[in-house]
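> Take a look at this one; I'll ask things after.
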């Protein structure tokens with residue numbers, strides 16, 4: 001199954017992915033509401049994208065005390081049951097990739113849904129190619 | 001719930017003398033007429049001027065302006081401008097800058113930040129989620145850009161964004177830049193000195209919480225996707241990504257078109273280390289840095305790992321820096337050039353002007369005009385790596401020879417005297433950027449009529465070289481003939497320059513990178529019009545958007561007239577370029593003679609409908625462009 005792949009050293013920190021994700025999901029360019037975030041270290045020219053990579057372990061699903069998280073069988077993304085989520089942030093803490101965050105005052109996590117199989121962020125990262133969506137081991 | 005900022009454009013007016021902070025709405029008419037960014041900043045500046053002004057006085061405004069598309073995912077829309085009266089030229093100046101400062105300002109709702117007055121103590125502006133404050137910058141007032149940014153991050157957190165000055169701005173060095181996102185320079189014209197004169201160290205912003213939704217989401221999506229596809233397909237896109245702005249340095253050196261030895265020659269003996277091909281091959285390229293929403297990533301990040309300059313690191317060097325601090329002073333070591341670039345960035349110096357004054361000093365020393373006691377112990381010969389790595393600090397701190405150079409090459413020549421003015425490569429006080437305009441007639445005309453001085457970033461008509469199919473197509477569209485895509489003819493240069501002026505004004509107003517409106521053409525006038533309409537809801541066509549560009553260009557001429565600008569054929573190009581020849585491969589004895597220049601300038605004035613002798617736009621032109629508000633400003637004071 002396809003998954004998100006990150007090549008951190010290729011990231012230029014442009015945040016096209018961040019803005020495009022927020023716009024694709026919410027019709028607005030609100031940085032915090034993007035499922036992909038970038039940790040910036042401008043002085044050293046280093047940027048680290050953080051987004052769900054559909055890991056094998058699914059720590060977030062396992063840790064959720066109310067089973068609000070599950071795996072979409074079609075694309076492998078994490079699905080959120082908004083009604084069930086109690087906003088305890090256990091998933092945020094459990095994710096070793098720092099790929100889950102909460103927006104202030106919001107009780108549900110912001111997690112990549114792979115845009116149903118056509119991630120908006122990937123489409124904007126063609127040139128640096130820091131984020132890709134494909135089979136593991138697949139060549140470009 | 002997501003909180004969106006309003007689509008209404010607003011100015012954040014900060015008077016540092018009165019310690020006042022006020023918001024002001026931009027009218028819908030101003031948006032329609034001047035589009036945003038550079039255009040509205042010019043209107044704000046024009047309305048505040050009634051005659052010549054001391055650029056370093058408290059009354060002189062310093063205006064940060066974000067593009068109308070900045071803050072969105074429109075490809076390459078992360079640019080902003082800093083507009084002011086230049087302490088170098090005493091004329092209008094706008095300096096364009098990338099990074100993420102514009103994105104942060106825009107999402108905070110600050111489309112423009114106008115600073116006036118002078119703070120009693122060193123100050124910085126903090127724009128946070130809870131409001132805007134003026135805070136003491138005393139503890140990091142003298143620090144470099146890296147140190148000041150780190151100090152602000154220690155106070156406010158790692159995810160802030162900062163625009164600031166370094167020691168050069170603090171010491172009112174007239175070639176000082178305003179730096180943003182650490183390595184991005186609003187470089188030209190001395191904006192850093194204007195900021196320093198206000199006792200303003202920095203503007204820092206928290207990572208914005210609010211969003212921005214275009215007026216017409218569907219149209220917006222369509223146009224930006226179309227633009228993105230066009231940009232990826234462009235012939236130049238791979239080159240920008242792979243090699244950055246210094247892609248053609250070796251070719252330029254080979255063809256003697258790379259300004260060298262203070263514009264006395266077109267090449268240096270050994271160029272290899274100054275080429276981006278070398279940086280890639282030797283793995284000095286550690287990464288690329290993208291301005292907000294950039295999809296080309298031309299900005300390099302280079303670290304030196306061997307030799308005397310081991311450990312030097314910075315974003316860049318860009319082409320301009322490679323030529324200004326490399327071929328210009330005839331230094332062929334990437335280590336030395338990157339150390340010099342790193343110092344200029346940290347001290348907050350414009351690398352083009354810093355390189356300009358250093359190579360001028362080298363020529364003065366070589367010709368025996370500079371008193372040796374002025375540079376005792378410093379190797380000031382052409383090729384001296386020591387000179388380019390020691391002098392930036394001396395200039396920024398105004399020490400010894402550095403103090404002579406700190407006010408730019410024109411003022412330095414006045415102080416040193418003799419014939420040193422002849423090799424001071426500037427017009428009206430601004431050092432020429434790194435283009436050999438003898439033999440490139442479109443560029444020569446563009447530099448002659450550029451309101452801020454001899455420089456490429458108002459009108460880069462690179463298309464006249466016809467290097468790619470897109471360039472030839474554009475020249476054909478403008479002139480009717482692809483055959484005119486050659487730089488050695490004066491034919492139709494006025495038309496080519498005016499088209500580029502208009503689209504540049506549009507892209508600067510929308511916050512788009514120069515590379516997509518000139519070299520890559522993804523931002524066609526038609527796409528710019530649809531983008532602007534999608535964002536603002538103001539009905540716009542290709543014709544009206546280009547007309548707005550022309551309105552901006554004309555308004556900038558009016559501002560200069562108020563500031564005392566007068567037509568002067570001797571200022572069409574630096575003296576050296578109009579009086580000394582240069583040989584390029586295949587072309588010998590190239591020179592910009594006054595008659596040829598005057599012919600091109602008059603054709604350009606005719607095209608604009610400006611007076612062909614005085615360069616003044618008449619009342620008919622002003623009425624036609626709906627600039628009647630400024631008609632009283634058409635006569636020089």
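> Between the helical axis of A:16-26 and the dominant principal axis of chain A, each derived from Cα atoms, what acute angle in degrees is found, rounded to the nearest 10?
Helix A:16-26 sits roughly 40 degrees off the main axis of chain A.
> So how do B:502, A:67, B:473, B:111 line up by other beta-carbon neighbours within 10 Å, fewest first?
A:67, B:473, B:502, B:111
> For residue B:280 paired with residue B:20, estimate the spin-label separation in nm (one decimal), with each label point 7 Å from Cα along the Cα-to-Cβ line.
5.5
> Using 1/(1 + (r/R0)^6) with R0 = 22 angstrom and r between the beta carbons of residue B:306 and residue B:238, what's the FRET efficiency to the nearest 0.05?
0.15
> Going by how many other beta carbons lie within 10 Å of each one, how would you line up B:45, B:12, B:607, fewest first? Each step should come with its number before you reach the end.
Numbers: B:45 26, B:12 22, B:607 12.
Going from sparsest to densest Cβ surroundings: B:607, B:12, B:45.
> For residue A:7, put the label point 7 Å out on the Cα→Cβ axis and report which residues of segment B:236-256 keep their amide N under 17 Å from it.
B:238-244
> Please work out how much length the chain gains when fully extended from residue B:374 to residue B:581, using 0.36 nm per residue of separation minus the C-alpha to C-alpha distance, in nm with one decimal. Write down the numbers at each step before the final one.
Values: separation 207, 0.36 × 207 = 74.52 nm, distance 3.07 nm.
Here the segment from residue B:374 to residue B:581 would lengthen by 71.5 nm.
> Also, I was wondering about something else. Take the alpha-carbon centre of segment A:6-62, take the same for segment B:8-34, and report the distance between them in whole Å.
First find each Cα centre; the distance between them is then 33 Å.
> So if we plug the beta-carbon distance of residue A:57 and residue A:26 into 1/(1 + (r/R0)^6) with R0 = 30 Å, what FRET efficiency do we get, rounded to 0.05?
0.55
> Here is a further query. Which whole number gives the average, over all residues in A:117-123, of C-beta atoms from other chains lying within 10 Å of the residue C-beta? Intermediate results must be reported in sequence, preceding the final value.
Numbers: counts 0, 0, 0, 1, 1, 0, 3.
Shielding by partners across A:117-123 averages 1.
> Next up: Starting from the Cα of residue B:217, step 7 Å along the direction of its Cβ; do the same at residue B:367; then give the gap between the two resulting points in nm.
6.4
> Based on other C-beta atoms within 10 Å, arrange A:1, B:600 from fewest to most. Kindly include the intermediate steps, with their values, before the conclusion.
On the way: A:1 9, B:600 23.
Ascending Cβ contact count within 10 Å gives the list A:1, B:600.
> If I stretch the segment between residue B:30 and residue B:226 completely, what's the gain in nm (0.36 nm per residue apart, minus their alpha carbon distance), one decimal? Can you show the working numbers first?
Working: separation 196, 0.36 × 196 = 70.56 nm, distance 2.79 nm.
Result for the pair: 67.8 nm of gain on full extension.
> Among rounded, prolate and oblate, which fits segment A:39-140 when a ≥ b ≥ c are the square roots of the eigenvalues of its C-alpha gyration tensor, a/c under 1.5 means rounded, and a/b larger than b/c means prolate?
oblate
> Full extension from residue B:414 to residue B:251: what is 0.36 nm times the residue separation minus their Cα-Cα distance, to one decimal in nm? Provide the component values of the computation, followed by the final result.
Values: separation 163, 0.36 × 163 = 58.68 nm, distance 3.61 nm.
Stretched out fully, the residue B:414 to residue B:251 stretch lengthens by 55.1 nm.
> Is there a simple number for the mean count of other chain Cβ atoms within 10 Å of the Cβ of residues in B:106-114, and what is it?
Mean partner shielding for this stretch: 1.
> On to the next question. Give the shape of segment B:10-205 as rounded, prolate or oblate, defined through the alpha-carbon gyration tensor: a ≥ b ≥ c are the square roots of its eigenvalues, a/c under 1.5 means rounded, and otherwise the shape is prolate if a/b is larger than b/c and oblate if not.
Rounded shape, in that the Cα axes give a/c under 1.5.
> Let me ask another. In nanometres, what is the gap between the two model label sites at residue B:1 and residue B:490, each 7 Å from Cα along Cα-to-Cβ?
Result for the modelled spin labels: 6.6 nm.
> Now, a different point. Would you please give the FRET efficiency between residue A:74 and residue B:467, computed as 1/(1 + (r/R0)^6) with r the Cβ-Cβ distance and R0 = 56 Å, to the nearest 0.05?
So the FRET efficiency works out to roughly 0.75.
Taken together, the values in this text are just the output of simple stated rules run on the coordinates, not laboratory data. The structure displayed is predicted, hence computed values, not measured ones. Here the Cβ is made from the backbone with ideal geometry for all residues, glycine too, and neighbour counts use every protein chain on show.
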